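Engineer: Got a structure for you, written out below as structure tokens; questions coming shortly.
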Amino acid sequence: AEVVMIHVGEKLVLSLWAESAARVEIGEVTRGGTLPFTLAHNVGSPAEVDAVLATARAAGAAVHDAQARDWGGYSGYFTDPDGFRWEIAFNPHPIGGVHLP
């Protein structure tokens, strides 16, 4: 499978990606550089995704602009000062009704 999604809490999903699928979603995955995982924060609309990314950019974060995703949502990424990549996402599907790619 390209991605395995495991519900680990009421509103918490652990997604394990094949490296090739992660590369399509977040860009090149390296060892000792871009960590091979992301943390995600879901918001209520595409406009909120853009607003959070704008806040991160204004704070000096490296931002990868949001785009429509094959799974039906809209997301972008920023890297925090510790090197962790955060996905900011709008998922139009109900929580608990995750639409797998």
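Engineer: Once neighbouring chains are kept in place and the probe is 1.4 Å, which whole percent of the accessible area of the chain is contributed by carbon and sulfur?
Structural biologist: Answer for the chain is 58 percent, counting heavy atoms of protein chains only.
Engineer: Near D50, within a Cβ-to-Cβ distance under 13 Å, what is the net charge of the other residues, with Lys and Arg +1 and Asp and Glu -1?
Structural biologist: Every neighbour counted, the sum reads -1.
Engineer: Right, something else. Taking a probe of 1.4 Å, how large is the accessible area per residue of region 1-84, in Å²?
Structural biologist: Accessible surface, normalised per residue, equals 63 Å².
Engineer: Hey, what does the equivalent ellipsoid look like for the chain, semi-axes from the Cα gyration tensor as sqrt of 5 times each eigenvalue, largest first, whole Å?
Structural biologist: Output for the chain: semi-axes of 20, 18, 12 Å.
Engineer: If you filter region 18-86 for trypsin sites (Lys or Arg not before Pro), then keep DSSP loop positions with at most 12 other Cβ within 10 Å, what is left?
Structural biologist: Listed in order of number, the matching sites are R31.
Engineer: 7 Å from Cα along Cα→Cβ at both E2 and T30: what's the point-to-point distance in nm?
Structural biologist: Label-label distance for E2 and T30, simple model: 2.5 nm.
Engineer: GNM on the chain, C-alpha springs below 10 Å: top fluctuator among D70, D80, D50?
Structural biologist: Comparing D70, D80, D50 in a Gaussian network model of the chain, the most mobile one is D70.
The values are calculated or read from the model by the stated rules, or taken from the named source; none is laboratory data. Only a predicted model underlies this, so the values are computations on that prediction, with no experimental measurement involved. Ideal geometry is used to build each Cβ from the backbone, glycine not excepted, and the neighbour counts take in all protein chains shown. Just so you know, the surface numbers come from the protein's heavy atoms only, side chains and all, with ligands and any DNA or RNA stripped out. Shrake-Rupley method; radii C 1.70, N 1.55, O 1.52, S 1.80 Å.
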